[in-house]
Structures are given as C-alpha cells and as structure tokens.
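Please read the structure below before turning to the comments.
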Amino acid sequence: MARKQASQGTPATAVLAAAGVSFVAHPYSHDPAAASYGLEAADVLGIDPARVFKTLMVEVDGRLAVGVVPVSGILDLKAMAAALGGKKAAMADPATAQRRTGYVLGGISPLGQRQPSPTVVDESALKLETILVSGGRRGLDLELSPAALIKLTGAHTARIGTGRT
C-alpha cells in the first residue's frame, strides 16, 4: 500500500506519517445533505460498506470511549460497555465528542484525537486486509491495516457492531 500524505494533512495523517505506517488517502467530494457520512464515503468511493468503519464517541459508565464499527451496521451499546468492563453505554453528546477529539462530526477519526479515549474496534476488522476510517475531516477516508489502527490507538477488539443500518 502506498503512502499518500500531500495536501491531505490532518492530525490523523500526521500520526500515520510519524509512525511510518503505510496508508492510502481517499479524498472525495462530501455532500452536506448526505444522511450518513460513512455510507456516503462507501458509495462515492465504490468500497464495500463492511470495509468502511465509523468512529463513534460513547460514554461508558460516565467515561468517554471510542467505538469503531462498520458503516454497514450499528454500534451495540451493551456490547461496547461490556468490552470496556462497564455496565452501561450511551452515545456521547456531539459537542463533547467534537471537543474531546478536535474533529467535527462526520470527520472524527480514531487517530490523532486531541485527547485519546479507550478505543474498541469491532472484531470484523480482523478479517480484512485493510479498512477505511475517517481521515479527520469530512470527505477524507484513510485506508490502512486493522493491525496498524489497533496498535496506534491502543485499541482492543470485541464484537461491538451488529445488524445493518
């Protein structure tokens, strides 16, 4: 996989470049009217939605955490809580997610967050050679190996995604 960085600079791409991780930047024209940022990316880029992952900020027993799941499904909040040894999870307030990560909604990357949070990546990622995650802005996805994402975020994996959107 070739490394592309020019003109795509975000904190997420800076983390990848600093770690020497190979990745491919996939910029695309974002439609502000899109109902789902992740499904829009999969459609515009012509990539199976099972390979495009969304980054979701949640609160688990009052602590912020990050769940990374395929855009073709939804985050199972009970499974997310269990994966972090908690009892209850709920979606975080959008403004809190933006402040914590330094990214705008629809552009939150699991990489290069202003203040990193415990991260869980859906185990389905392990079956794939590469996955795509937000690159830190709307209209930019980054393709990298699941192992690199897990290593750089300190994540662990669990079955936290379920169903289809």
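Observations, loosely collected:
- Which listed residue is within 18 Å of ALA19 (Cα to Cα), touching a Phe, Trp or Tyr at 6+ places or on another chain (Cβ under 9 Å) and among the small types (Gly, Ala, Ser), from GLY136, GLY154: GLY136
- Some residue of the stretch 116-133 being open to solvent by 40 Å² or more (accessible area, probe 1.4 Å), at pLDDT below 95 and within 21 Å of GLY9 (Cα to Cα): yes
- Subset tally (residues that are aliphatic (A, V, I, L, M), in a helix (DSSP H, G or I) and either more than 22 Å from LEU77 (Cβ to Cβ) or under 13 Å from the mean Cα position of the chain (by Cα) (or both)) for the stretch 112-130: 1
The values are calculated or read from the model by the stated rules, or taken from the named source; none is laboratory data. The shown structure was predicted, so the numbers you read here are calculated from the model rather than taken from an experiment. FYI the Cβ positions are ideal-geometry reconstructions off the backbone, even for glycines, and counts take in every protein chain you see. Accessible surface is based on the protein model in full, side chains and every heavy atom, while ligands, DNA and RNA are left aside. Shrake-Rupley method; radii C 1.70, N 1.55, O 1.52, S 1.80 Å.
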